[in-house]
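The values are calculated or read from the model by the stated rules, or taken from the named source; none is laboratory data. Here the structure is a predicted model, which means the values were calculated and not measured. Methodologically, a virtual Cβ is constructed for each residue, glycine included, from the backbone with ideal geometry; neighbour enumeration extends over all protein chains shown. Just so you know, the surface numbers come from the protein's heavy atoms only, side chains and all, with ligands and any DNA or RNA stripped out. Shrake-Rupley method; radii C 1.70, N 1.55, O 1.52, S 1.80 Å.
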Amino acid sequence: MSVRATERLIGDVVVVTGLSNSPKMVVQAVNIDAKQVTAVWFADDHSGQQGIFPAAGIDRLEIPAPAAKSSGSGAKGKKPAAKGKK
């Protein structure tokens, strides 16, 4: 399913639909009139790459949010004994 070329797409992670080993790319700019998306990614040699793709040829990648770790209910232990006044 392709994405729509809107400004809301900027910052989203996308992949090229037709490539089985497409890199994960971040949308940097969108040309609404031409329905094109400019995306950046890191190549295998760790160099930065940039490319322009038709919006119909990319899909948004859904990345699940990390699970929140439960820290429990706080510190547990015995309360110090109350001291009486003299």
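Sticking with the crude label model, points 7 Å out along Cα→Cβ, report the distance from Gln36 to Thr17 in nm, one decimal please.
With each label point 7 Å from Cα toward Cβ, the separation is 1.9 nm.
What order, most packed first, do the peptides 4-12, 58-66 have when packing is the mean number of other Cβ atoms within 10 Å of each residue?
Per-residue Cβ counts within 10 Å, averaged per peptide and sorted highest first, yield 4-12, 58-66.
In what order, largest first, do Thr17, Thr38 sit by accessible area if the probe radius is 1.4 Å?
Of Thr17, Thr38, the descending order of accessible area is Thr17, Thr38.
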